[in-house]
Each structure stands twice: as C-alpha cells, then as structure tokens.
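*Asks:* I have a structure I would like to understand better, so I am pasting it below and will then ask my questions one at a time.
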Amino acid sequence: MTSIMQSETQPQLTDASTALGVAIINSKAPFSSNAGKDALDVALLFGSFEQKVSLFFQGDGVYQLIANQDGSLLAIKDYLKTFSAFEFYDIEDVYVCQQSLIERQLSKTFHIDNVQVLTNKAFAVALSKHKHVLRF
Amino acid sequence: MTSIMQSETQPQLTDASTALGVAIINSKAPFSSNAGKDALDVALLFGSFEQKVSLFFQGDGVYQLIANQDGSLLAIKDYLKTFSAFEFYDIEDVYVCQQSLIERQLSKTFHIDNVQVLTNKAFAVALSKHKHVLRF
Amino acid sequence: MSTLHLVRQSAFSRNDFEQCISVLAEQDSLVLMDDGCYNLKHPLMASLLKKDNNKVSIKVISTHAQARAVEVMAGISQITMADVVELTFNHNKVITWQ
Amino acid sequence: MSTLHLVRQSAFSRNDFEQCISVLAEQDSLVLMDDGCYNLKHPLMASLLKKDNNKVSIKVISTHAQARAVEVMAGISQITMADVVELTFNHNKVITWQ
Amino acid sequence: MNTLAVVVTTPPYSHLTITALTYVEAALVAGIDVVGVFFYQDGAMHANKDISIASDEYQSIAHWQQLHQQYKLPLHVCITAAEKRGVVMGSIDNEIVNEAFTVSGLGELVELATKASRLVQF
Amino acid sequence: MNTLAVVVTTPPYSHLTITALTYVEAALVAGIDVVGVFFYQDGAMHANKDISIASDEYQSIAHWQQLHQQYKLPLHVCITAAEKRGVVMGSIDNEIVNEAFTVSGLGELVELATKASRLVQF
C-alpha cells in the first residue's frame, strides 16, 4: 500500500460517514478454523459493493496478521495472501488489539501495511463508530 | 442406584481388569453443544457390549452433573435424564474433577448417585488405569 | 453510541467474555444467554460488578439461567427474549460474543 | 502407564491445555500440534517448563509451528508426524485435547 | 422504523439455533420488520433437505419454515457455505429442495445489512 | 503387533482434518495395522457425496478415499451422526453414495476399540 493511503486512515476514523459502515471482528487463529476466511469473504464482498468496512483483530485473531506465516507447509491454501486485496477494495481501516499482541508475546511485524495497533479503549472507540458489527 | 453398587465402585479402581476399559472425558457444558449427548451415546454403546467404561467430568463438563437442571425450559430434550441408565449398563465409575467444581462455585449436589469427586492427582490416576481415552 | 453485548459462551472455557469486557463502554448493556449464564459465577463478573456497578447494565435471560440451575444474584435483571428484542433497538448496535 | 497428550488448541482462547496439564504424570509426553503450537508462548508453558523440566517431555510438530511463525525455544524437540506415530506406541495410551 | 437483519452461523442440530429462532420469533411477534435471515457458515446446513433429526428433538428447520410461511420471513442461504457442506439444492434459480430457503450469495448479506437498522448475529 | 484405530470428529472442510489424514498416512507408511477410521460427530460429513470443496483447497474426502484404495483402510461413518447432518446415502446395506465409506453404528467403534492397541481421536 502507498504512504498516501496510510495518511488517509487516521482522519477517516472521525468522519461521520464511518458510522454507516460494518466492523468485522476477527477472533480466531488463521489455520485451524475457517472463521478467518469466512470473515475475509464477507469483508471483500462489502468492499466490492462499496460499503465501508473495517477489520478488527482481537484475541487469537491477531495471529492472522503476523508476518512470516506459511500455510503451504500445512497443505492449506493460504488465504492470508488475499489480505493484500484490501487496498483494491478500499478497506483502509485495520485495527489490532495491543493487549492481545502483548499477551501472545507478538511483535508488531505484520504481513500487511497500515495496521493500527490500539489500546483497549481506542479499540472500543473505533468499534463503536460502526453501524453494524459481525464477529468471526 | 443401590448402596451395594456404591460399595463396589471403590475396589474396581484397583482391579486389573479396569485397565482394559475405555475412559470418556466430558469437557463441555450440557445444553449449548451436542458433545455431552454424543459422549453419552458412546458410553452406553460400550456398556451394552459389556465393555468396561468410566466417565470423567472436567472443566465445563462438570455442569452436566449438577442437580436441578431443566433442559425443557430451552425446548431441549433433556439427555441428562439418560444418565440414570448408567446402572443398567453397569457404568459404575463416574469421576468428577474437584478443582473444576470449586472454580465454578458448584456444590457437590449431583443429579445421579455415586459420583466420585477427585483431586487432580486422583483424577489423573483414575484416568491412567484405562486402555483407551476419548474426550468430548 | 451504545452497544448491546450478547454473551453466549462460558468464560470458564473460552476467552470471548474477556474480550467483550475489554471493549465495554459506560452506556452499554450486557445480556448473558446460553452458556454465557455460567459467567455469573466467574471472577471476571465479580470484578466487573465491583468496578462498573452503576454503569454497565447486566442482564440474564431467566429461562437460560434456570435451565442450567444457575442462581441469579440480586442486582442482575432477569429478562425474556422479548426484552432482548427491545434492547436491540434501545442500543445503537449489537455485538454477539460466541 | 504413560500417556501421550496431543494438544491441538490455543491456551489463549480455550482452557483445554490447562485441563491437560492438571492430569500430566511424570512419564507422559506432550505434543503440540495445530493451534497448540501457540502454547509455546503461554504462561502455562513457562510454568510447566520451570516445574517439570526433567520429567514431562514436550515436543512440537515442526511444520505446524513454522507455518504459524511460532519460534521454538531450545529444549523443545521438533518432530514430524512419523514421530507422533512412533510416540503413540511408545506410550500406553493417547489423549487428544481439542 | 425498526428493521432487523439476522445472521445465523450455527447448524440446525445445535441448541444454539433454538436461541436464534426464539429471538427472531420474538422480534416478529413484536412487529419488528425482519428484512431477512442470512444462513452462513454451519448455518447453511439448514437448507439441506436430507437432514433427519430424531422426532423427539427440536425441529429447527421446520420452525424456520413455519416463520417463513406465517410472516413471509425471507431465509437466505449462502451458496458457498452450502456447497462446502454438501447441501443438496436444485438449480441456482431457487429450485432449492427446501423451498423456504433462497439460495443467495454474500451480496445478499450486504443488502440485508444496508436495509436493516440492526444486524444481529447468532 | 501395533494396531491402531482412529476417530475423526472434524468435518472435511476443516484444516484440522488434514492433521488427522497426515497422521493416519504416516501410520500406514510405517507399517502400522490401522484397523479402521471411525467418522463421528462432524466427521460424518466426510461421506456426503454432494460436498464440493473449491478445487484449489485441500481435498480431504479424496485423500481418505485414496488411503482406502491404496491400503484397504476401512472407513466407517456413524449413521446417526450422518443423518443429523443430511449426509446422502443409499440404503443401510452399504449402498452408500461415496463407496469408500461404510455406514456403521457406534457398535463398530466398540469393535475397533477392542481390536486396536491404541485408539487416537482427532
């Protein structure tokens, strides 16, 4: 993603139109369950209909963002690579729960750009700005 | 169950033949998942083939044993009532993890008789005496 | 922007309730249903009641608690599914923790 | 009567690993697979390593850890599925925690 | 106007589905405009005509059908989720074996979410 | 003699099933006598001929069939679990649509457990 997009992500949060979008919370690790893929399919569909969609990663969901994963070692088609389509679908707001990262001893090295690491309070505030919330 | 059966449960634990039986660990609460019913079906089948089977309740599985539950309030067919068939199938060893009860602030009031409340250590020892272990 | 939180799982076996608590805001309401009823006895609930006593409203579906033989302490309102429908529209959005 | 424990779930979201640990005996082995690999970084693992260092053997399926970008610390043996098959018969029984 | 869309992700043989059904029925009884129910993930199994639940167990599928008939409640099944789970359908143009359920794509979920003032997931 | 029975409780579209398959294949390669695999709970969905997994995803069902053919590995599907999940079968006497899988009752699990020196659940 370009640095221009990065600078755009912050102001969007306070934009009134954001309240019309959908927030999707990812709570499951990527490989053992289909939840992450199912959530991604929903996100991309909302994006393709030009609906505002933001992605939230919390709990074991944060594992979906970690760099250097390789599903092919498990004979799994690596849906994480599709995260790079976020740009194409104008999915700009990707939030991750800082506390979940810390608890899991994870660094802030992600396999996509423009991930915003938020405190519980900021995570809750960002979530509250959306009209609907789905959780997978 | 009769008091005669109750007195028989303790010696069975050290009986060498017990090592040939199957232990079934119940780890899920009774109403939201089918796991308890699926485990019960397996237990009764082993019993009907005159195979030695013991039931272990640990974690949220201990909720399956608690007295005064009523699945009919949820329009659920109450499989917990089938626990009374244990006697018929000679399922005599029912063990429950004491720590799991304490953590959940549960008393030792169960809806079946002859439940043995065990410490972690004793629970592990009882489990180890079985040939096979299934967990639901 | 208030949120209605539907809690459906036991905090004794899963961490969803903990995640829910971490995003609770003052105007929010919490409804315990299904295995979420067990959370009435969980340490997280005790600390939530202590901390946010007069802020977050905590409710439980009475039949769901009763079916599980979970005792509902004073201060927790017992509601029906019709009440949950009403709460759905009394809050700005709903998040289901399952 | 040794037991091989197969741990398949993240202790960060479920309590199965905790239950497994509560029944561990000295001759037992623990194999982390699937999301169980994440448990290498869980506090329960740290205390287990401290407490039972020379007793319970802890192993992880290397491809399962590598796929998840989970770093395997020294002292944990990295094994293949063929090794798990061998362990199955080196122990008296197998319990799967999933 | 209070409008509601519901997403169901649990299979027909799960007791959690009874909770979803009770909620949707309570909403309909209260006069809420339920714009539709979207069956996703394991929820898609609801459209499988070959499911046979023991007669003394709760009949989730029959209950959804009844709400469909009584209130004209639209029931949408995600086709991708259904195919993965071997749900038998006729053709894509609604010749679904269980006629209360409409075969839909995820686009239908977007539409329901846009129409509804509240989106609730079960 | 090392004999092994395996219980599979995860559906064909779960990645956890790949782990079970890898384990069973490793056992067969090692010359272990695998007396049978018993598909229970969501594992019963493996026998559904109508399941269609995207061609670029792991094909669990095809892999089980391959092990069945190559090693004569018995694959038993619990009929109660299958009926609940709408698995399409022919008649009870093995006219199952997916011919690698045998329709069985829980009694078969008892038999496998009795025969095997180890019982492993996935």
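The values are calculated or read from the model by the stated rules, or taken from the named source; none is laboratory data. On a predicted model such as this, the values are computed, not experimentally measured, just so you know. All Cβ positions, glycine included, derive from the backbone under ideal geometry; neighbour counts span all protein chains shown.
*Asks:* Have a look at D:D28, D:D35 and point out the one that is under 12 Å from the mean Cα position of the chain (by Cα) and in contact (Cβ under 8 Å) with a residue 40 or more places away in the chain. First the steps, then the outcome.
*Replies:* Numbers: D:D35 fails: in contact (Cβ under 8 Å) with a residue 40 or more places away in the chain.
Residue meeting the stated conditions: D:D28.
*Asks:* So, one more: Tell me the strands (runs of 3 or more DSSP E) entirely within the stretch E:1-97 that contain at least 3 residues that are hydrophobic (A, V, I, L, M, F, W, C) and facing another protein chain (nearest Cβ under 9 Å).
*Replies:* Numbers: elements: E:3-8, E:33-39, E:75-78.
Counting at least 3 such residues, we get E:3-8.
*Asks:* Condition test on C:L6, is it buried (at least 24 other Cβ atoms within 10 Å of the Cβ) and either touching a strand residue (DSSP E or B) at 6+ places or on another chain (Cβ under 9 Å) or not in a helix (DSSP H, G or I) (or both)?
*Replies:* On the way: buried (at least 24 other Cβ atoms within 10 Å of the Cβ): yes; either touching a strand residue (DSSP E or B) at 6+ places or on another chain (Cβ under 9 Å) or not in a helix (DSSP H, G or I) (or both): yes.
Spelling it out, C:L6 is indeed buried (at least 24 other Cβ atoms within 10 Å of the Cβ) and either touching a strand residue (DSSP E or B) at 6+ places or on another chain (Cβ under 9 Å) or not in a helix (DSSP H, G or I) (or both).
*Asks:* Which condition number in (1) charged (D, E, K, R); (2) closer than 24 Å to E:F122 by Cβ; (3) out of contact with any Leu (no Cβ under 7 Å at 6 or more places or on another chain) is the one that A:D78 fails?
*Replies:* The one condition A:D78 does not meet is (2).
*Asks:* Taking the residues in the stretch A:62-71 that are out of contact with any strand residue (DSSP E or B) (no Cβ under 8 Å at 6 or more places or on another chain) and assigned to a helix (DSSP H, G or I) as candidates, determine which candidate is nearest to D:S13 (Cα to Cα).
*Replies:* The initial filter retains those residues of the stretch A:62-71 that are out of contact with any strand residue (DSSP E or B) (no Cβ under 8 Å at 6 or more places or on another chain), namely A:63, A:68-71.
Then drop every residue that is not assigned to a helix (DSSP H, G or I), which leaves A:63, A:71.
Working: A:Y63: 12, A:G71: 21 Å.
Selected residue: A:Y63.
*Asks:* Let me ask something else. Starting from residues that are part of a loop (DSSP other than H, G, I, E, B) and within 30 Å of A:A75 (Cα to Cα), keep the ones in the stretch D:33-53 and report whichever is farthest from the other protein chains (Cβ to nearest Cβ). Walk me through it before giving the result.
*Replies:* If we filter the stretch D:33-53 for residues that are part of a loop (DSSP other than H, G, I, E, B), which is where we start, we get D:33, D:42, D:52-53.
Right, trim to within 30 Å of A:A75 (Cα to Cα) and you get D:33, D:42.
Working: D:M33: 6, D:H42: 8 Å.
So the residue we want is D:H42.
*Asks:* List the number of the failed condition for A:F46; all other conditions in (1) in contact with a strand residue (DSSP E or B) (Cβ under 9 Å, 6 or more places away or on another chain); (2) modelled with pLDDT under 95 hold.
*Replies:* (2)
*Asks:* Look at the stretch D:17-31 and say how many of its residues are crowded, with 22+ Cβ neighbours inside 10 Å, assigned to a helix (DSSP H, G or I) and at the interface with another protein chain (Cβ under 7 Å from one of its Cβ atoms).
*Replies:* Going through the stretch D:17-31, the residues crowded, with 22+ Cβ neighbours inside 10 Å turn out to be D:17, D:19-21, D:23, D:28, D:30-31.
Narrowing further to those that are assigned to a helix (DSSP H, G or I): D:17, D:19-21.
If we keep only those that are at the interface with another protein chain (Cβ under 7 Å from one of its Cβ atoms) too, we end up with D:19.
Final tally of qualifying residues: 1.
*Asks:* Condition test on C:V94, is it of a type in the set (V, I, T) and free of Cβ contacts under 8 Å to residues at least 12 places away in the same chain?
*Replies:* Values: of a type in the set (V, I, T): yes; free of Cβ contacts under 8 Å to residues at least 12 places away in the same chain: no.
Criteria not met by C:V94.
*Asks:* Collect the residues in the stretch A:72-130 that are in a strand (DSSP E or B) and without any contact (Cβ under 8 Å) to a residue 60 or more places away in the chain, keeping them in residue-number order. If you could, list the steps in order and put the result at the bottom.
*Replies:* We begin by selecting, within the stretch A:72-130, every residue in a strand (DSSP E or B); these are A:94-97, A:110, A:115-118.
Listed by number, the residues that qualify are A:V94, A:Y95, A:V96, A:C97, A:F110, A:V115, A:V117, A:L118.
*Asks:* Against the condition surrounded by fewer than 21 Cβ atoms within 10 Å (Cβ to Cβ), in contact (Cβ under 8 Å) with a residue 12 or more places away in the chain, over 30 Å from D:T63 (Cβ atoms) and at the interface with another protein chain (Cβ under 10 Å from one of its Cβ atoms), how does A:E50 come out, does it pass? Step through it out loud before you land on a result.
*Replies:* Numbers: surrounded by fewer than 21 Cβ atoms within 10 Å (Cβ to Cβ): yes; in contact (Cβ under 8 Å) with a residue 12 or more places away in the chain: yes; over 30 Å from D:T63 (Cβ atoms): yes; at the interface with another protein chain (Cβ under 10 Å from one of its Cβ atoms): yes.
Here the answer is yes, as A:E50 does meet what is asked.
*Asks:* Then there's this: Need the failing condition index for A:F57 against (1) away from chain D (no Cβ under 14 Å); (2) aromatic (F, W, Y); (3) buried (at least 18 other Cβ atoms within 10 Å of the Cβ), just the number.
*Replies:* (1)
*Asks:* State all residues of the stretch C:63-85 that are crowded, with 17+ Cβ neighbours inside 10 Å and in a helix (DSSP H, G or I); if no residue qualifies, say none.
*Replies:* C:T63, C:H64, C:A65, C:Q66, C:A67, C:M81, C:D83, C:V84, C:V85
*Asks:* For the stretch D:63-98, which positions are under 12 Å from the mean Cα position of the chain (by Cα) and among the hydroxyl-bearing types (S, T, Y)?
*Replies:* D:S77, D:T96
*Asks:* If the Cβ limit is 6 Å and pairs must be 6+ apart or interchain, which residue in the stretch D:54-74 that is at the interface with another protein chain (Cβ under 9 Å from one of its Cβ atoms) and on the phi > 0 side of the Ramachandran plot pairs with which residue that is among the aliphatic types (A, V, I, L, M) and surrounded by 21 or more Cβ atoms within 10 Å (Cβ to Cβ)?
*Replies:* Within 6 Å, the pairs are D:A69/A:I66.
*Asks:* Looking at (1) closer than 21 Å to C:A65 by Cβ; (2) at pLDDT 95 or above; (3) of a type in the set (S, T, Y), which is the one condition that is false for B:Y79?
*Replies:* Among (1) closer than 21 Å to C:A65 by Cβ; (2) at pLDDT 95 or above; (3) of a type in the set (S, T, Y), B:Y79 violates only (2).
*Asks:* Is it fair to say B:L65 is touching a residue at least 24 places away in the same chain (Cβ under 8 Å), away from chain D (no Cβ under 14 Å), closer than 25 Å to C:V70 by Cβ and surrounded by 16 or more Cβ atoms within 10 Å (Cβ to Cβ)?
*Replies:* Working: touching a residue at least 24 places away in the same chain (Cβ under 8 Å): yes; away from chain D (no Cβ under 14 Å): yes; closer than 25 Å to C:V70 by Cβ: yes; surrounded by 16 or more Cβ atoms within 10 Å (Cβ to Cβ): yes.
Taking the combined requirement at face value, the residue satisfies it.
*Asks:* Same structure again: So which residues in the stretch C:7-16 are more than 13 Å from the chain's Cα centre (by Cα) and either within 12 Å of chain A (Cβ to nearest Cβ) or basic (K, R) (or both)? So that I can check it myself, show each step before the final result.
*Replies:* Within the stretch C:7-16, the subset more than 13 Å from the chain's Cα centre (by Cα) is C:12-15.
Those that are more than 13 Å from the chain's Cα centre (by Cα) and either within 12 Å of chain A (Cβ to nearest Cβ) or basic (K, R) (or both): C:R14, C:N15.
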